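Please read the structure below before turning to the comments.
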């Protein structure tokens, strides 16, 4: 595919060569992959790391006396250091490896059920993914705590005045996504954290959708918990991270019992291991953790500022082109948003559009995007969601626009 | 009255006239327009088929020893798919519906929709039609 130079001087042509999957065909057409908010594609550098691990030093970590085990342990712990550095955590033991964001949120929610009392309040935003709603509902059912919701505005932003009104000395925890998965809205997390801390509440930010686009500095944000999934940032599935401030991680009880997370075990009493192992029961996704480190190296090698600038160029280009289609409405029009466009055309069902453009090689997400409250707000069954990554091009957007127009013609 | 196999063959023959997926989909969309529509009073939660990204309602009732299906969907392609199924299975004896195979779906080039994990729920639709047939078969016995 011919790739024009970009306004931001970003060399997308070179970047694309790192992603073998981008040269495949789907249904006879060159793949146009615009489902990056669901999962990102994997560069050769990360694939090589995975192959290298299984080819040279696959072994269980932390316990072995043999060389292979030591090599694997070193690589895994090296990855933890890379993650610490990337998110600027103060200490490496504040980085807990998890299976992903959902696991990380459940870990915190489960821990808080021991700290929260009946009648106390937790606050969630209307923009959340189900994975940042359901664990807290379960927490409330278990403890008798009360769940409050920050309402949203028509443009997909949060109603911050209402948030202010919800806060009180009863508020113990606020959990909000850094970026909305359904709409791409970047939430004013700094303000949310400051206000929540003002009443003594802790804040968990679901960073799954932000991390591929925005380099969060957890100390600068002063956030208490931050969660990410590797597979949304060029890493493999099944691995992610919970960042937690040391003081909070010490307060939370362990999530799962098992090997690795103990200090001593007798039938009378077990003492738990120190952080981070207290929360890392069992053999972890060793290769996944190491590959996550490689993915961060890859993205940092390009640079998050460059990535963000180029993705915005794509977002602006696609937004203008899409709005030229008659009857098309974009949901989520916040000034601060990542490269995600959620839309519908007239009363066409998103599923129909998604199915037709898939036949033309274009991969998008359709449906409620695991954010039913957002869809209920707009009174729609779902949307078509195109989400861009730094390896996408304007030429691909042109193909996508033509595919959408063709689908519209077929379905109207 | 044609039996299920004859109708299936007829549908396969129709689809064979088309060279590419686009024409097949256009035909499917056309077939959706001739779907015997479910009455509004039956568009209830209980008649919704689970496992579809779009909504699909199906209603069944016996007329003599024949099972009559009506349906609707809020998505056009899904409506086409259920229309094809109903054309083959409606106005048939429940026992024949239970025994019918679904190979014709593959033959008309909709094989990709046969995956149980596919979001359109074609497999769920077939299962639901057959469940109705099983239920009404016991009434007939």
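So here's what we get for this one:
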{"read-out": "Rg to Rh quotient for the stretch A:85-218, alpha carbon positions, Kirkwood Rh", "value": "0.94"}
{"read-out": "Exposure proxy ranking, count of Cβ atoms within 10 Å, fewest first, for A:14, A:227", "value": "A:14, A:227"}
{"read-out": "Shielding by partners - mean other protein chain Cβ count within 10 Å, residues of A:204-217", "value": "0"}
{"read-out": "Within the stretch B:4-141, percent of DSSP bridges classed antiparallel, to nearest 5", "value": "90 percent"}
{"read-out": "Chain B - mean residue ellipticity at 222 nm from DSSP helices (-39,500 (n - 2.57) per run, n ≥ 4, rounded to 500)", "value": "-15500 deg cm²/dmol"}
{"read-out": "Point-to-point label distance, residue B:106-residue A:270, nm (Cα→Cβ direction, 7 Å offset)", "value": "4.9 nm"}
{"read-out": "Inter-label distance, nm, simple model (7 Å from Cα along the C-beta direction), residue A:134/residue B:14", "value": "3.9 nm"}
{"read-out": "DSSP beta bridge pairing in the protein assembly as shown, given as percent antiparallel to the nearest 5", "value": "65 percent"}
{"read-out": "GNM flexibility winner over chain A from A:245, A:359, A:215 (Cα, springs under 10 Å)", "value": "A:359"}
{"read-out": "Computed helical MRE - 222 nm, chain A, DSSP H runs ≥ 4 contributing -39500 (n - 2.57), nearest 500", "value": "-11500 deg cm²/dmol"}
{"read-out": "Whole-number percent relative contact order across chain A, with pairs defined as alpha carbons under 8 Å at least 6 apart", "value": "23 percent"}
{"read-out": "Distribution of pairwise C-alpha distances over the protein assembly as shown, 20 Å bins, in %", "value": "19, 45, 31, 5"}
{"read-out": "Packing-based exposure ordering (other Cβ within 10 Å, fewest first) of A:129, A:368", "value": "A:368, A:129"}
{"read-out": "Acute angle (nearest 10 degrees) that the helix A:304-323 long axis makes with the longest principal axis of chain A, alpha-carbon atoms", "value": "40 degrees"}
{"read-out": "Cα Rg, Dmax (largest Cα-Cα span) when computed across the stretch B:4-138, Å", "value": "13.9, 43"}
{"read-out": "Coarse-grained scattering of the stretch A:48-301 at q = 0.08, 0.16 Å⁻¹, given as base-10 log I(q)/I(0) from a Debye sum over alpha-carbon atoms", "value": "-0.32, -1.16"}
{"read-out": "Neighbour-count ranking [beta-carbon atoms within 10 angstrom, fewest first] of A:220, B:16, A:311", "value": "A:220, B:16, A:311"}
{"read-out": "Square roots of 5 times each gyration tensor eigenvalue, C-alpha, the stretch B:46-90, largest first, Å", "value": "20, 12, 7"}
{"read-out": "R0 of 56 Å, Cβ-Cβ distance residue A:347-residue A:58: FRET efficiency to nearest 0.05", "value": "0.60"}
{"read-out": "Shape of the stretch A:206-336, Cα gyration tensor, a/c cut at 1.5", "value": "prolate"}
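The numbers here are math on the coordinates, done by the rules we state, and not lab data. Since the structure is predicted, the reported quantities are computational estimates derived from the model, not experimental observations. All Cβ positions, glycine included, derive from the backbone under ideal geometry; neighbour counts span all protein chains shown.
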